[in-house]
Each structure stands twice: as structure tokens, then as C-alpha cells.
1. So in the range B:228-249, with the set limited to residues that are modelled with pLDDT of 90 or more, open to solvent by less than 100 Å² (accessible area, probe 1.4 Å) and of a type in the set (A, V, I, L, M, F, W, C), which one is farthest from B:Leu53 (Cα to Cα)?
2. If you check A:Phe125 against the conditions, is it more than 23 Å from A:Cys225 (Cβ to Cβ), open to solvent by less than 30 Å² (accessible area, probe 1.4 Å) and not hydroxyl-bearing (Ser, Thr, Tyr)?
3. Taking interchain pairs and intrachain pairs at least six residues apart, which have beta carbon atoms under 7 angstrom, with the first residue in the range B:77-91 and hydroxyl-bearing (Ser, Thr, Tyr) and the second open to solvent by 30 Å² or more (accessible area, probe 1.4 Å)?
4. Restricting the search to the range A:225-256, which residues are facing another protein chain (nearest Cβ under 8 Å), in a loop (DSSP other than H, G, I, E, B) and open to solvent by 30 Å² or more (accessible area, probe 1.4 Å)?
5. Conditions first: (1) open to solvent by less than 80 Å² (accessible area, probe 1.4 Å); (2) of a type in the set (S, T, N, Q); (3) not in a helix (DSSP H, G or I). B:Ser21 passes all but one, so which condition is the exception?
6. Would you mention how many residues in the range B:179-216 are within 11 Å of another protein chain (Cβ to nearest Cβ) and out of contact with any helix residue (DSSP H, G or I) (no Cβ under 8 Å at 6 or more places or on another chain)?
7. Consider A:Ser19 against the criteria (1) under 18 Å from A:Phe112 (Cα atoms); (2) open to solvent by 80 Å² or more (accessible area, probe 1.4 Å); (3) away from chain B (no Cβ under 14 Å): it satisfies all of them except one. Which criterion is unmet?
Amino acid sequence: MKTKNLTLHVWRQRGPNDSGDFERYVAKDVNEHMSFLEMLDVVNEDLLENGDEPIAFDHDCREGICGMCGVVVNGYAHGPQERTTACQLHMRQIFELGWDELWIEPWRATSFPVIKDLAVDRGAFDRIIQAGGYISIRTGSARDANETPIPKDVSDAAMDAAECIGCGACVAACPNASASLFTAAKISHLGLLPQGQAERTDRVRKMVGQMDHEGFGSCTNHGECEKACPKGISIDWIARMNRDLLKAMTTSADDIEERD
Amino acid sequence: MERALTLTKTTIGKKAIMALSGVAMLGFVVGHLAGNLKVFSGPEAFNEYAVWLRTVPALLWGTRLVLLAAVAAHMASAFSLWSRNRGARKNRYAKKKDLATDYAAKTMYWSGPILLFYILFHLLHLTFGGMIWTDGAALFGFEGYTWAHSNPYNNMVIGFTHWPVVVPYVLGVCALGIHLFHGIWSAFQSMGANHPRYNHLRRDLAIALAVFLTLGFLSIPAAAMMGWIEPTTQTFYYPELEPAPVTVP
């Protein structure tokens with residue numbers, strides 16, 4: 001079993017209004033089988049023992065499906081392993097790259113204010129979902145399976161879009177801190193299904209309106225989000241969102257209110 | 001306060017404006033190259049093409065107005081999105097690794113303004129040259145390079161035998177190619193034009209058009225520098241190209 005000492009440069013920020021700075025730590029005897037977050041846990045144990053403030057970072061399921069964790073490691077959102085969240089990143093993958101020094105930063109976007117250290121407030125994503133990321137349909141009692149026919153390729157495509165866990169890596173990786181990939185995935189997974197058709201026009205207008213209102217940047221088609229996404233959400237969904245919005249805004253008679 | 005949200009206020013609407021105005025300008029650039037390649041058919045063909053452009057003033061001015069509007073819309077949207085995007089990440093990363101983007105995409109905010117300055121230079125040279133260097137004054141001070149209203153062939157070809165004219169031209173054309181490499185692909189995406197069956201063609205078309213236009217435009221100064229096309233000693237007179245006589249009231 002391989003162990004290694006690592007030098008960490010961790011972003012420490014006391015609160016949203018603190019300017020923050022990098023702090024240097026040495027992580028001693030890091031085990032190759034540790035996950036990235038376990039490595040931070042051990043560093044925090046040492047900090048606590050010395051009476052120092054531990055490093056704050058978000059995490060929940062630690063199995064790569066909840067979307068809670070996320071830090072930028074040496075410039076990679078969720079670290080260098082493709083299609084992997086920070087919690088499922090393992091130290092052996094970092095050892096393989098020969099990295100001895102890690103720069104660990106929070107998602108950096110004006111719309112994701114830092115709460116503390118590496119933890120950011122992703123409430124903006126919640127508000128985009130609240131704006132229209134749902135189907136307000138009365139479902140009544142349980143219906144028969146296959147009562148609403150959905151072709152297999154459509155349900156597969158909707159599932160591909162629904163894979164988005166809302167972690168915010170797309171915003172973190174985007175040169176413009178744009179939330180286009182997240183918003184597009186959420187609009188598309190509902191817009192593909194028959195149940196989502198009734199609100200399709202309003203949904204895209206409301207969700208894009210909220211996305212812009214939150215102050216995210218615009219999409220300039222670099223494709224960074226797609227590569228950083230731990231779930232491999234495709235930028236094809238962004239084209240679909242653009243198409244849906246252009247169609248909705250040019251054909252719908254009703255106005256959508258813009259929030260100020 | 002709540003107001004009606006209009007398309008042009010959304011980031012996606014602004015990108016659509018950039019795509020549509022970009023397509024209008026691209027259409028001009030293709031036509032501009034097709035016309036200017038007539039230089040290889042000799043001075044007569046080229047000059048007659050210049051005359052033909054002026055036969056329908058409504059078309060000429062219509063094109064000019066549409067292009068001016070497209071340039072203005074493209075720049076206004078670009079500036080609006082640029083300032084928004086700067087504000088969207090106020091604190092920069094200490095380390096940031098690019099995984100997917102390319103040189104063209106990263107330099108759009110450079111190739112665009114370079115193109116703008118080049119186009120201004122190009123207009124001052126070959127469109128307004130006759131108003132700047134009047135009464136046989138040498139253009140840019142080059143010996144024997146005087147403006148001939150009825151001989152646009154010479155105005156262009158003589159210019160391209162001088163390095164100081166060729167260098168900004170080459171830079172401008174390269175900026176155009178790089179801008180189009182990302183811009184054409186990006187326009188499809190911004191307009192929501194995607195389909196799994198045709199998606200690969202979007203990049204192919206962007207590469208093909210960018211390469212074709214870059215090489216096409218570069219072929220003219222290259223031919224002039226190599227002496228494959230030479231200034232003509234023929235004299236031409238076209239009333240359509242001569243300036244209207246100034247009447248003093």
C-alpha cells in the first residue's frame with residue numbers, strides 16, 4: 001500500500017464577507033486508497049487536535065450521486081478524474097499523475113457566494129428549479145404502467161438529461177461562470193416527456209429568466225462544462241434549451257414577468 | 001419591479017442576435033471574396049465588376065445599411081455579454097485547467113476587435129482612399145501609388161506590392177479565419193440548430209469555411225507579392241466610378 005506526503009494549498013475564508021486566502025498544510029502519510037474527502041478528513045483531525053479551525057467543505061452521500069460535494073483541485077472541477085465527483089476521486093488517481101502539491105479552491109462564481117472555506121451557497125440552482133423545474137400536474141391515484149406511451153429512445157434521452165445532480169461543476173468550469181448546462185439539463189429532462197409538454201413554453205422562459213436574474217454568465221460554447229460534468233451531461237442540451245427559448249419567445253402570446 | 005421579459009434581454013436572445021448578425025456578415029464576406037477573386041481574371045473583369053456593384057444603388061446602399069446594423073448589433077451584444085460574464089466571476093481561480101476549449105474560442109474577444117480595427121483600416125484604404133489621398137497624392141507615401149477612381153484593380157494590386165499594406169491585411173484575414181472557426185460552430189449552437197445526425201457537420205463546415213475564406217483572401221496579396229498579378233498600364237474611364245462633380249452654388 002502506497003503512502004505519500006502531500007503539500008496542500010487550501011482556500012480558507014471565514015465567511016461570505018471575508019476576502020480569503022490560501023493556507024498551506026502538509027498532509028502526512030496519505031494512503032492511496034483514501035478518497036479525496038477522506039484525505040481532507042484526516043487533515044481536519046490534525047487541525048482539531050491542535051485546536052485549529054477545521055477546513056469546511058460540502059459533502060453528503062460520498063458515493064457520487066447527491067451533488068453536494070465539489071472543489072476545484074489544481075484547476076480541475078471535482079479533480080482530474082473524468083466523470084467523477086470529488087468524493088469518488090481517490091488519492092491513487094492523484095498519485096498516478098505524480099502530483100505532490102494540490103491547490104484546493106471552492107467553486108468560483110459570483111452567483112455561488114462562499115459560505116466558508118470550500119463550501120459555497122448553491123441556492124441559485126434551487127431558485128432556478130423553483131422557477132419552473134417541475135411538472136404541476138394532478139397525478140391522482142397510481143396509474144397503470146405504460147398508460148402514457150413514451151418511446152424508449154425518448155425516455156433514455158430524458159434520463160440522460162436527468163442524470164444532472166446539480167453539483168455546480170459546470171458553473172465552476174465555465175470561463176463565464178454560466179449555468180447553461182445545469183438549466184438546460186433540467187429544462188430538457190422535463191421537456192422531453194409527455195407530462196412535461198403542457199408547461200414546456202413557460203418552463204423555459206421562467207427558468208432562463210431566473211438563470212439570468214441570478215447573475216450567471218452567458219454560454220460562449222467553449223464546452224468546458226461538458227468535460228467537467230461528473231455525469232457527462234452533453235452541451236447538446238444547451239442547444240435544445242436555446243431552441244426551446246427562441247421558439248417560446250417568438251411564438252407565445254403571453255409575457256413572462258422579469259424579476260428585478 | 002416586474003416587467004415583461006423580452007427575448008433581447010435574455011443572454012440566450014443576445015447570443016441569437018450575435019449568431020444572426022454573424023451570419024449576415026459571413027454572407028457578405030463570402031460574396032466579397034467571390035467578387036475580389038475576379039482580380040485573377042484581369043484588370044478589365046475586375047474593374048467592370050466594380051462598376052456592376054454600382055449599377056443598382058438601392059442594392060449597394062441596402063447591403064451597406066444591413067451590414068452596418070449587423071456590425072452594431074454584433075458589437076452591442078458582445079459588449080453586453082462580455083461585461084456580464086466578467087461580473088459572473090469576480091474572484092478568479094489561482095489554478096484553472098482548460099479541458100475542452102480551443103485557441104479560437106478563447107481569443108474571440110481579441111480576434112473581434114482586431115477585425116474591427118482592420119476593417120476600419122481597409123475601408124480608409126480602399127473605399128475612402130480617393131477622398132483621403134486627393135490630387136495625385138501618394139497613398140501611404142508610396143512612390144507611384146496614386147488613387148485612380150476608374151481603376152480599382154490598380155488601387156488594390158499596387159497596394160499589395162507594399163509590405164506595410166500586406167501585413168495588416170494578413171493579420172486581419174487570419175483574425176477573420178480564427179473568429180469564424182469558433183463563430184460558425186457557435187452560431188449553430190446558439191440558434192439551437194443541433195441534431196445527432198448532422199452535429200459533426202457543424203464543426204466540419206466551420207473548418208471548411210474558415211480555411212477557404214482565409215486562403216482565398218490571402219491568395220490575392222500573395223499573388224501580388226509574387227508578381228503573378230501585376231499593376232496594369234491600361235487606362236480606364238467609368239463615369240459610375242468617378243466622383244460626382246462638385247458644384248459650387
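1. Going through the qualifying residues, I end up with B:Ile229.
2. For A:Phe125, the condition - more than 23 Å from A:Cys225 (Cβ to Cβ), open to solvent by less than 30 Å² (accessible area, probe 1.4 Å) and not hydroxyl-bearing (Ser, Thr, Tyr) - is not met.
3. From the range B:77-91, the pairs are B:Ser77/B:Lys14; B:Ser77/B:Ile17; B:Ser77/B:Met18; B:Ser80/B:Lys14.
4. A:Asp255, the sole residue that qualifies.
5. Failed condition: (3).
6. Final tally of qualifying residues: 1.
7. (3)
Rundown of residues vs (1) under 19 Å from A:Cys170 (Cα atoms); (2) away from chain B (no Cβ under 14 Å); (3) modelled with pLDDT under 95; (4) open to solvent by 10 Å² or more (accessible area, probe 1.4 Å), yes/no style:
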residue	(1), (2), (3), (4)
A:Met68	yes, yes, no, yes
A:Arg83	yes, no, no, yes
A:Cys87	yes, yes, no, no
A:Leu97	no, no, no, yes
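The values are calculated or read from the model by the stated rules, or taken from the named source; none is laboratory data. It should be emphasised that the depicted structure is a prediction, and the values quoted were computed from it without experimental measurement. Virtual Cβ from ideal backbone geometry, glycine too; neighbours counted across all protein chains shown. Areas reflect the complete protein model, heavy atoms only, side chains present, ligands, DNA and RNA absent. Shrake-Rupley method; radii C 1.70, N 1.55, O 1.52, S 1.80 Å.
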